[in-house]
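Take a look at the structure below.
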Amino acid sequence: MSRIRFTIFLFSLTSAPAWSDELAALQNFGGQIKPLVQQYCVKCHGGEQTKGDVNLKEYERVGQTLKDVKLWKNALKQLESGDMPPDDAPQPSAAEKASLTGWVKMMVTSVESGKLGQDPGRTTLRRLNRNEYNNTIQDLFGLKLRPADAFPADGSGGAGFDNNADTLFLPTVLMEKVFDASGQIMDAVFASEPLRNRVVTVKPPKDQPAEPAAKAVLSLWVPRIFRRKVADAEIAPYLALWNKASKEGASYEDALKTVFKSLLVSPNFIFRLEADQSQPGPYKVSDFELASRLSYFLWSSMPDLELLGLAARGELSKPEIYAGQVRRLLKDPRSKSFSREFSSQWLGFDRLRSVANPDKTRFPEFTQSLRVAMFQESVEFFHSILQENQSLLRLIDADYTYLNEELARHYGISGVTGPALQRVVLKDKNRGGLLGQGSVLTATSLPLRTSPVLRGKWVLEELLGTPPPPPPQNAGTLPADDRQPDGLSFRQRLEAHRQKASCSGCHAKLDPPGFGLENFDPIGRWRTEVAGKPVDSGGKLTTGESFSTPAELKTVLLKKRDLVVRNLVERTLAYALGRGLEFYDAATVQQITTKLLANDCKAEMLVMEVAQSYPFQYRRNAPTVKLD
């Protein structure tokens, strides 16, 4: 998309009169709005200067502004509050300001309301990622193997998830691993009599041709492996392969084993294929495609026989049946995969698996078993909110968590025994919710000290969906340790760092929420002193709210529920679609956010609304209408 002119698909050309006036007004960006932006904004946000990492000089056409609705919404707030342009800069006249704010409001409203037409977007051909491959093999054959663990690591893109289709390439080294895995899988299946009998469901009678039995086995298994209805013509090449192996002396079962290896390297298995249709506009995906979209969203695995059966009968897409299946998949134990993969990647505590490494000398208490317990605590906590249909705001503040004896002792909580995680009621208001969990606190720390900057960035970006701009090149560095050889606390040193003109703007946003968590040390333990001086966890957000403890910070964040919920909707939708969100997804995000905020932000509703959303159930071939 970056190599072509930005495009917007208009859902139905016959509906053009309904939005033609607004479309014409939006097209006037170049003649009406761009000159005002260049006159009053580009001096600070373009050319050699890009304050706040915002370069408005890049926006030459209306299509480019539509890609960044969030940025322009923020610009609108700055304009309406009078914060921009700054007092020492040339000011637009009242008429110019009204023209600029009016156009931005119209643009934002047009996008978020869906007035420009619905576009489901188009996801790149999606390869199974490592987790999906492992789960699919386990569900297909009943194996406990994880052959994809030997595959190269999957990248992440869009909203930062490893199921993003644009990053799931198929390089030669991976294809070689896929071939190796097919042999490993079939060796394991045919070495086990129960598993072999599960696969070889029909055996030829003695003294009878074996081909009909082989065809019966393939007629059962090819649709399962391809996750859709399969015509006889698609089975024929695999039956021919069986015949070839048989003629070369392979036994009935060994010949089938050869065929199954071939099936597991087929694009129909490795990729989640969806067929283009001849119509120019958006269209509903088939029931089989919908079954795969739903199962890989909530299970990271293939559809089960119930889903495939409903799809074969054309019943899955019936609204009542589909809603029931969403609930069934959500209640199934396999939905733990969604809780684990989505929450750990969204919230960043998947860093515990490899990246987060507290200094072993300074923190010998941070054992591998403690690392695992922290990770599992956050997964179990997220999963409980989902399974119990609690308010999503419980992610920020809750009166319980999941601990085993080692992790409870680490937190200073008594009465928990044994290695297994168990639900524990929390009495300390500072500890409840994600902000008090060791996984997040450790993942946002450095090896020798906490990082108010990283923790503040985590609050802004992962919870509120308002990421700060990246630091300027001349930002400088801070000490790697929080010990105080110069007599200054780390907070004092950071405040001195903030005096730099190039650093003050970002740190004014980043530091306060990060300092609000300073009572938690680099591995998540509660502390009241740092290097012999009392912890100062007070702060004030740029929006004016003050706090002095982690508990008070959580209270402030709960008042920003609209930001929290919208961000969670965006992340969930991106994960479900397997792509980064585009401007045309804003209408879907707004609809789901509004519904959640009006219904206590229930977790099941989030999943249901995403699974029933327009982009989840529709697709298109290619964009057709350009908006420059």
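The values are calculated or read from the model by the stated rules, or taken from the named source; none is laboratory data. All figures in this text were calculated on a predicted structure; none of them were measured in a lab. Counting neighbours? That spans all protein chains shown, and the Cβs are built from the backbone with ideal geometry, glycine included. The accessibility values were calculated without ligands, DNA or RNA, using every heavy atom of the protein model including side chains. Shrake-Rupley method; radii C 1.70, N 1.55, O 1.52, S 1.80 Å.
Once the whole set of protein chains is in place, how much accessible area is left on Ser414, using a 1.4 Å probe, in Å² to the nearest 10?
110
Give, in nm to one decimal, the length gained when the segment between Thr417 and Ser192 is fully stretched (0.36 nm per residue of separation minus the Cα-Cα distance).
77.1 nm
Taking the Cα centre of the stretch 575-625 as origin, work out the dipole magnitude from +1 charges on Lys and Arg Cβ and -1 charges on Asp and Glu Cβ, in debye rounded to 20.
Charge dipole, the stretch 575-625, about its Cα centre: 180 debye, nearest 20.
Over the chain, give the accessible area per residue in Å² for a 1.4 Å probe, as an integer.
The answer is 45 Å² per residue.
For a test of the definition: using alpha carbon positions, the gyration tensor, and the 1.5 limit on a/c, classify the stretch 312-358 as rounded, prolate or oblate.
Because a/c hits 1.5 or more and a/b exceeds b/c, the stretch 312-358 counts as prolate.
Of Val424, Leu557, Ser295, which is farthest towards the positive pole of the chain's charge dipole, taken about the Cα centre with +1 and -1 on the beta-carbons of Lys, Arg and Asp, Glu respectively?
Ser295
Between Thr528 and Ala480, what FRET efficiency comes out of the Förster formula 1/(1 + (r/R0)^6) with R0 = 25 Å and r the beta carbon distance, rounded to 0.05? Walk me through the intermediate numbers first.
Values: r = 23 Å, r/R0 = 0.93.
The computed FRET efficiency comes out at 0.60.
Take the Cβ-Cβ distance between Lys284 and Gln27 as r, set R0 to 41 Å, and report the resulting FRET efficiency rounded to the nearest 0.05.
0.85
With +1 on each Lys and Arg Cβ and -1 on each Asp and Glu Cβ, how big is the dipole of the stretch 506-585 about its Cα centre, in debye rounded to the nearest 20?
My answer is approximately 120 debye.
For Leu125 and Thr594, calculate 0.36 nm times their separation in residues minus their Cα-Cα distance, and state this gained length in nm to one decimal.
Additional length available on full extension: 165.7 nm.
With the full set of protein chains in place, find how many percent of the accessible area of the chain is carbon and sulfur; take the probe as 1.4 Å.
53
May I have the count of lysine pairs in the stretch 282-380 with C-alpha atoms under 28 Å apart, counting pairs 8 or more residues apart or located on different chains?
Working: Lys284/Lys318; Lys284/Lys331; Lys318/Lys331; Lys318/Lys336.
Lysine pairs, 8 or more places apart or on different chains, close enough: 4.
Would you compute, from DSSP H runs of 4+ residues alone, the mean residue ellipticity of the chain at 222 nm, taking -39500 (n - 2.57) per run and dividing by the full residue count, rounded to the nearest 500?
-14500 deg cm²/dmol
Would you list Lys77, Lys560, Lys336, Lys284 from the most to the least accessible area, probe 1.4 Å?
Working: Lys77 135, Lys560 30, Lys336 55, Lys284 85 Å².
Output order, biggest surface exposure first: Lys77, Lys284, Lys336, Lys560.
Roughly what angle does helix 368-387 make with the longest principal axis of the chain, taking Cα atoms, 0 to 90 degrees, to the nearest 10?
90
Along the Cα→Cβ direction, 7 angstrom out, place labels at Leu36 and Asp399. What is the inter-label distance in nm?
Each label point lies 7 Å from its Cα, and together they span 5.1 nm.
Picking from Ala275, Leu329, Leu218, whose Cα lies most toward the positive end of the charge dipole for the chain (charges on Cβ: Lys, Arg +1; Asp, Glu -1)?
Leu218
Relative contact order, percent, of the chain when contacts are C-alpha pairs under 8 Å separated by at least 6 residues?
Reported relative contact order: 18 percent.
Cross-link list Lys203/Lys247; Lys559/Lys595; Lys115/Lys509; Lys67/Lys509; Lys144/Lys206: which exceed 29 angstrom alpha carbon to alpha carbon? Please report the intermediate quantities before stating the final value.
Numbers: Lys203/Lys247 18 Å; Lys559/Lys595 18 Å; Lys115/Lys509 34 Å; Lys67/Lys509 24 Å; Lys144/Lys206 34 Å.
Going by Cα-Cα distance, Lys115/Lys509; Lys144/Lys206 fall outside the 29 Å limit.
Among Leu140, Thr450, Leu434, which residue has its Cα positioned farthest towards the positive end of the charge dipole of the chain, with +1 placed on the Cβ of Lys and Arg, -1 on the Cβ of Asp and Glu, and the dipole taken about the Cα centre?
The Cα lying farthest towards the positive end belongs to Leu140.
Could you size up the charge dipole of the stretch 298-363 around its Cα centre, putting +1 on the beta carbon of Lys and Arg and -1 on that of Asp and Glu, and report it in debye to the nearest 20?
Details: 12 positive and 8 negative charges, 63 e Å.
Taking the Cα centre of the stretch 298-363 as origin, the dipole is about 300 debye.
Roughly what would the spin-label model give for Thr109 and Lys429, points 7 Å off Cα along C-beta, in nm?
4.1
For the pair Leu220 and Asp562, how long in nm is the line joining their label points, each one 7 Å along Cα→Cβ?
Label at Leu220, label at Asp562, 5.8 nm between them.
Taking R0 as 30 Å, what's the FRET efficiency between Leu273 and Gln387 from their Cβ-Cβ distance, rounded to 0.05? Write out the running numbers ahead of the final one.
Details: r = 32 Å, r/R0 = 1.06.
That gives a FRET efficiency of 0.40.
What does the highest-first list of 326-332, 553-559, 436-442 look like by mean Cβ count within 10 Å?
The most tightly packed comes first, giving 436-442, 553-559, 326-332.
Given 0.36 nm per residue, what is the gain on full extension from Ala233 to Ala508 after removing their alpha carbon distance, in nm?
92.5 nm
Using only the Cα atoms of the chain, build the gyration tensor, take square roots of its eigenvalues as a ≥ b ≥ c, and label the shape rounded, prolate or oblate: rounded if a/c is under 1.5, else prolate if a/b is larger than b/c, else oblate.
oblate
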